[in-house]
Every structure is written in structure tokens, then in C-alpha cells.
1. Could you grab the relative contact order for chain A? Cα pairs under 8 Å, six or more apart, rounded to a whole percent.
2. In peptide A:224-236, what is the residue-averaged number of other protein chain Cβ atoms found within 10 Å of each Cβ?
3. Within 10 Å of each Cβ of B:24-31, how many other protein chain Cβ atoms are there on average?
4. Determine ³J(HN,Hα), in whole Hz, for all residues of the stretch B:80-97 in sequence, where each value follows from phi through the Karplus function 6.51 cos²θ - 1.76 cosθ + 1.60 and θ = phi - 60°; x replaces Gly and Pro.
5. Placing unit charges on C-beta atoms (Lys and Arg positive, Asp and Glu negative, everything else neutral), compute the dipole magnitude of the stretch A:4-83 about its Cα centre in debye, rounded to 20.
6. Starting from the amide H of A:Leu71, placed 1.01 Å from N in the peptide plane, find each other amide H under 5 Å away whose residue is 5 or more places distant or on another chain.
7. Can you order the peptides B:149-155, A:158-164, A:132-138 by their average number of other Cβ atoms within 10 Å per residue, highest first?
8. Hey, can you list the DSSP H helices of chain A whose Cα span along the axis is 15 Å or longer and whose average Kyte-Doolittle score is at least 1.6?
Amino acid sequence: MLPLNATIVHITEESPSIRTFFFDLEFETMEPGQFVMVWIRGVDEVPMGLSRKNSITVQKVGEATSKLFELKEGDSFGLRGPFGKGFSLPSKGEKILIIAGGVGSAPLAPYADAACAVDSKVDTILGARSADDLIFEERFAAAGEVYVSTDDGSKGTKGFVTDILSRLDVLLYDRIAVCGPEIMMASVFRLLEDRKVLEKAEFSLHRYFKCGIGVCGACCIDRSGLRVCKDGPVFSGVQLLDSELGRYTRDASGRRVKI
Amino acid sequence: MYTLTGLELKNPTILAAGILGTTGASLCRVACEGGAGAVVTKSIGPMPKTGHPNPSMVRLECGFLNAMGLPNPSYPGFLQELEIAKKDSGVPVIASIFGGTAAEFTEVAEGLLPGKPDAFELNVSCPHAEGYGAAVGTNPCLVEAITAAVKDVVNVPVWVKLSPNVSDITCIGTAAESGGADAVVAINTLKGMAIDIESGYPVLGNRSGGLSGKAVKPVAVKCVYDLYTALEIPIIGVGGVSSWQDAVEMMMAGASAVQIGSAVYDRVDIFSEISTGIEAFLQRKGYSNVKRLIGLSHEMV
């Protein structure tokens with residue numbers, strides 16, 4: 001598909017460095033965890049998790065996202081997608097644990113909405129650098145209990161999501177959904193591996209994408225060779241055993257870069 | 001098992017260059033889970049390259065447009081990936097290489113030799129990388145010189161991948177053969193572009209690129225057909241092969257084997273599906289082996 005034209009209808013400032021862009025298209029078939037390729041014309045095209053059927057939530061990190069932050073309501077960008085495999089949807093009555101760090105909350109908020117819609121009970125561990133950087137707390141709260149951690153202690157537990165996770169009985173949950181900075185996900189992964197619950201956990205990975213549609217191979221992970229853009233971005237914990245998670249990623253040339 | 005330029009292949013389907021070939025693990029997956037008879041790596045050059053800005057590939061109704069821009073970690077950066085592919089794929093691994101001059105080609109080839117590639121494929125046909133690919137591959141003298149130079153420094157087969165963006169592909173194919181090529185691979189992508197009419201911007205980050213997939217198959221079949229008439233060395237057919245019927249057609253035009261690229265979009269195990277389909281076709285037709293198909297259409301007059 002060629003990029004669809006998406007006109008920005010509303011912009012919400014979620015935190016000093018994170019904004020949600022609502023656009024005039026609705027991806028009705030979107031699964032929570034799926035992404036779109038966002039084309040800032042004349043600059044670059046970057047993958048972004050959908051935070052709703054009609055929104056992306058973006059942290060300003062580089063050239064493309066900086067240009068995106070210059071756009072105003074009425075401006076437009078190109079969108080292709082939704083692509084990839086999302087989180088496995090919860091069934092009625094299941095107990096879900098969401099572990100979200102920073103802008104990693106973006107693809108997990110629609111997951112909480114979906115779980116809530118089928119009467120699943122959702123507990124969320126929501127982590128960020130400081131209180132100002134917490135996003136979508138109210139959406140997670142609408143689905144169940146929220147445990148907050150901040151690096152600086154400005155809200156909730158001072159420390160990391162793993163400080164809260166280590167105190168919870170993970171055996172109580174039917175599914176565990178994780179998205180956040182890779183260092184955080186690797187710590188969560190090790191903890192869940194120790195507790196022997198990896199088979200019910202899912203992690204959303206971030207890698208440099210070129211084609212975004214599973215053909216070029218730029219985003220393949222070791223040692224499985226699975227494509228983050230097509231076989232993921234959401235992988236089960238078992239798929240990530242003996243993987244590069246938390247150790248290295250690759251740059252645009254394919255060179256390994258330590259995390 | 002059959003032999004192609006001295007390599008033992010369990011089936012005639014080969015992963016095309018630039019597809020799922022950035023990492024050793026990915027190449028192993030295509031061989032083991034995908035069922036490819038051999039795999040060709042991403043094109044590797046003398047220096048690390050990040051490639052063109054995105055969008056670098058879009059799917060059209062008739063195929064795919066891409067302008068990756070030869071992203072690669074350079075030969076020192078790729079050696080460990082090549083070693084992984086060699087150790088774990090269980091199939092011949094062909095290193096695709098590019099350069100701007102014969103000296104760069106030989107530098108890259110020699111640099112990858114410690115990884116023990118089973119063959120080299122010279123990319124003289126990428127349509128959208130300035131100074132590389134088709135910039136050298138449209139000139140028969142350069143193609144012959146580059147082929148001869150690489151043949152001089154390696155003792156494994158050398159394949160040369162040809163561009164269809166020339167007035168007479170057999171002229172370039174003949175040059176490769178004269179330079180000592182063990183096979184030619186035809187075809188690389190056809191020049192193409194797409195424009196976003198909402199904004200007027202060309203869609204690809206590089207503005208234009210190369211077309212692959214279903215749309216290019218008839219072009220590829222004709223190129224293979226003509227090369228079969230002109231050359232003594234084997235031809236490996238590539239361009240829009242996505243079913244066993246396409247593969248059989250390509251072989252009847254003169255291909256000794258086929259490469260598959262864009263069709264991995266549908267499924268990674270396309271290679272087993274196609275090789276199983278070819279086997280069933282051979283049985284149904286009572287052909288003793290796959291060699292009976294090669295160039296068959298040339299006899300039908």
C-alpha cells in the first residue's frame with residue numbers, strides 16, 4: 001500500500017517530550033501492539049505504535065520526530081499500516097498484568113482498553129523517569145489497579161518497575177504484557193524467567209526498520225532470525241529466550257550496537 | 001541434489017540478494033525453516049553504509065518498489081554474520097558484493113574470503129545507488145574487467161547479477177562471460193517510482209528506485225530467454241517468481257535455478273512450497289529431473 005494521507009485533527013501534550021497526534025483515519029482492524037509507518041514527507045518514515053485506532057503517541061528523539069513535533073492541527077503526514085503482530089487479546093475474566101515504561105505505555109494503553117472491554121482484570125505497573133513523564137495513567141486506572149514507579153521518586157515508588165514487580169505474585173496473572181526501554185524489558189524478562197512465567201509474557205520490541213513489511217531483513221533479531229516488523233513487534237517470552245534482547249541492537253547499516 | 005556452478009543444491013530455489021540477508025541468523029532461518037536450496041547475502045561493500053532515508057520499500061498492487069541504498073556494515077562488519085550463516089544454514093551461502101571500481105570489488109571479495117563463502121555474486125545492477133551497481137553494470141567493459149578481477153583473487157564460483165535497465169542485456173551478459181563468470185543472475189529490479197498525489201512528493205526516500213514482484217516477471221522471462229541463446233554459462237532466473245509455475249516458466253526460458261525475493265512477503269517457507277511444486281510437476285510430466293526443464297521452450301518451434 002502507498003501511504004495514506006492522515007490529517008492531524010488534534011494534538012495532546014502528554015508530557016514535556018511526548019505528544020499524541022490524533023488523525024482523521026481510523027484503523028478499525030488495529031490490534032493493540034501493532035504499528036504504523038509514519039511518513040514525514042521529505043524527511044523520513046519511522047515506525048510508531050498506535051495508541052488508539054486514530055492516534056499515535058510520539059516521544060521526540062530524533063530528526064523525524066522533531067519534524068513531526070513542528071506539525072500543527074490541519075497539517076498532514078503519510079501513514080502505512082497497521083503492520084505486525086500485536087499483543088494476544090485477553091479472554092473474558094482473565095487476569096492481566098501490564099508493565100509499561102515511558103513511551104512504551106503507548107501501545108499498551110489500547111491493550112488495557114481492550115482487556116477492560118472484555119471484563120478482564122488489569123493491574124498495571126507504570127514506570128517513568130519522573131511524575132511529569134507518566135502517560136496514560138488514567139486509561140490504565142480505568143482498567144484496574146495502577147502501581148507507579150518513578151526513577152526520581154516524584155510519584156509512587158522511587159525506583160524501577162522491577163522494584164514493584166518483584167513484590168507481586170506473578171503466578172496470579174494469566175497474561176503479562178510488557179513494553180518500555182530495552183534495559184527495562186531485559187530486567188523484567190530476567191525476573192519473569194526466574195519465576196518461570198515467560199510462556200505467558202509478551203514483549204514489544206523496538207528495532208531500526210527499513211521496509212517495515214517483512215522483506216528486507218534489517219530488523220531481524222538473533223538468534224531466531226525473526227523479523228521485528230512482521231513476526232513481531234510483539235514476541236512471547238519464549239521466542240526471546242537466548243536472544244539479543246538487552247544486549248545489542250543494529251544500526252541502519254546492520255552493524256551491531258551494544259545496548 | 002543437483003549441481004550449479006559446482007555447488008551442491010538440494011533444490012533449485014535460492015534466496016535473492018537484499019532480502020532477509022542482513023544477519024547470519026536470518027539467512028539460516030530462510031534455509032532451515034524456509035527451505036531454500038541456497039542463500040545470497042545482502043550486498044556488502046567496502047565501507048559501512050546506512051542506505052537511503054525511508055520510505056525505502058512500498059508494496060504496490062503489481063509488485064514492490066524499493067530504494068534501500070545498499071545499506072551494509074562493510075565486509076569487516078559482515079564477516080561474523082557470514083560465518084554464522086556458513087556454520088548453521090546447511091546450504092551454500094553466496095556473498096553478494098558491490099563496489100565502485102574493480103579494485104573495490106576485489107577488496108571486498110578478499111575481505112570476505114575468511115568467512116568461506118561458497119560463491120560470490122557481483123552486484124553490478126542496483127538501479128538506485130550513485131556510483132555503484134548499474135552505474136558500473138551498464139558498461140560492458142567495466143563488467144568484464146570487474147568479473148575478471150574478482151575471478152583472479154578468489155577460487156570459488158563467481159556469479160554476475162545483471163540489470164534489465166540496458167538496451168541489450170545479452171551484451172552485458174556476454175561481457176560477464178568473457179570476464180570468466182561462472183553464471184549470470186538475471187534480473188535486478190527495473191527502474192521505477194511512485195508519487196504521493198496528496199503532496200506531490202515522490203514516495204521513496206530516494207525519490208525513485210527499483211520495481212520487483214509480479215509486474216517484472218515477463219521482463220525477467222524474456223531476459224533469461226535471450227541470455228540462454230547468447231551465453232554458454234548457466235543463467236539463474238530472478239524477478240517476480242512467487243509460485244512453482246513461475247519457477248518452471250523461468251526454467252523453460254533457460255534458467256538453471258531461480259532466485260526468490262519479494263515473495264517472502266507472503267511467507268518465508270515459499271522456497272519449500274515452490275521446490276515441492278516443481279517436483280510434483282516433474283513427476284506429472286514424467287521428466288526424469290529438473291535439467292529437462294532448462295531451456296525447454298527454445299526447442300518448441
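The numbers here are math on the coordinates, done by the rules we state, and not lab data. Everything numeric in this text was worked out from a predicted model, so none of it was measured. A quick note on method: Cβ atoms are made from the backbone with ideal geometry, for glycine too, and the neighbour counts reach across all protein chains shown.
1. Working: 593 pairs, mean separation 40.7, N = 259.
RCO, chain A: 16 percent.
2. For peptide A:224-236, the averaged partner shielding equals 3.
3. 5
4. 5, 5, 4, 5, 5, 4, 5, 6, 10, 7, x, 9, x, 10, 9, 8, 7, 10
5. Details: 8 positive and 12 negative charges, 16 e Å.
So the magnitude is around 80 debye.
6. Amide H neighbours of A:Leu71, under 5 Å, 5+ apart: none.
7. Highest to lowest by the protection proxy: A:132-138, A:158-164, B:149-155.
8. none
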